[in-house]
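The values are calculated or read from the model by the stated rules, or taken from the named source; none is laboratory data. On a predicted model such as this, the values are computed, not experimentally measured, just so you know. With ideal geometry, Cβ positions are generated from the backbone for all residues, glycine too; neighbour counts draw on all protein chains shown.
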Amino acid sequence: MSRSERVYRMLLLAYPRDFRREYGLQMEQAFGDLYREACERGGRSTIALLWALTITDLARTAVAQRITPRADHEEVAMYDRRLAVVGFLLLLAPLYFVSASLLEYGLGVGFLFDPLEAFLSVAERRIVFNVVSPFVFLGGLCLALALNTYAVARLNFRREEETMVSIVRLKLKSSNIAVAVISILLLATLVGYVFLENFTHR
């Protein structure tokens, strides 16, 4: 057994035990066949491509096996709804900040911004807010976008004859799509705000 095959066997520990018991041997055999073929045909560049595709697929599917309930369609649908709820909760802070700022500076309506301004009137709070808010806002938006993109789109790689084929599967889940779209709009708004504040001449 080659070093690459031994490393792959160790990486399979990322999967749950039941999954390894059911599929581990076939996965090892399939990787061994692909590895030997890559050695014979392409050398180092083909082996590097094989490892890149293998690690990408292994990370995605191992996480999915760890966090996705192995159950019927109803439970999977419930899991996707949970991702939408978590994503929506992650959107609340940036959504409030963007809405309050747009109403205050765009329309002169301060009923959302006034409580925030009163809270930030203390210098120490403003300093903490300026340090923490980028991580909370951008991190929350990126996580909401990633979770709900995962619920909507699945990307799979497989080898057919001598070609690597990638397949994208889409599930039209309106709640997950809505959270993903709102995340993108809020990210664009915040990035535009940062750009205008820091890189435009006044």
Q. Has the range 81-94 got any residue that is within 30 Å of MET164 (Cβ to Cβ) and not in a helix (DSSP H, G or I)?
A. no
Q: Go through the range 103-145 and give me each residue that's surrounded by 14 or more Cβ atoms within 10 Å (Cβ to Cβ) and either in contact (Cβ under 8 Å) with a residue 12 or more places away in the chain or within 29 Å of VAL63 (Cα to Cα) (or both).
A: LEU112, PHE113, LEU116, SER133, VAL136, PHE137, LEU138, GLY140, LEU141, LEU143, ALA144, LEU145
**Q.** Pairs with Cβ under 8 Å, 6+ apart, first in the range 155-181 and in contact (Cβ under 8 Å) with a residue 24 or more places away in the chain and under 18 Å from TYR79 (Cα atoms), second surrounded by 12 or more Cβ atoms within 10 Å (Cβ to Cβ) and charged (D, E, K, R)
**A.** LYS171/ASP80; LYS171/ARG154; LYS173/ASP80; SER175/ASP80; SER175/ARG81; ASN176/ASP80
Q: Pull up the range 163-202, narrow it to residues that are surrounded by fewer than 13 Cβ atoms within 10 Å (Cβ to Cβ) and of a type in the set (D, E, K, R), then point me to the one that is farthest from LEU91 (Cα to Cα).
A: ARG202
Q. How many residues are in a helix (DSSP H, G or I) and either surrounded by fewer than 12 Cβ atoms within 10 Å (Cβ to Cβ) or at pLDDT 90 or above (or both) when one looks only at the range 65-74?
A. 4
Q. Can you find even one residue in the range 95-117 that is modelled with pLDDT of 85 or more and under 19 Å from the mean Cα position of the chain (by Cα)?
A. no
Q | Selected residue [surrounded by fewer than 11 Cβ atoms within 10 Å (Cβ to Cβ) and either modelled with pLDDT of 80 or more or hydroxyl-bearing (Ser, Thr, Tyr) (or both)] from ARG9, ARG81, ARG17 | A | ARG17
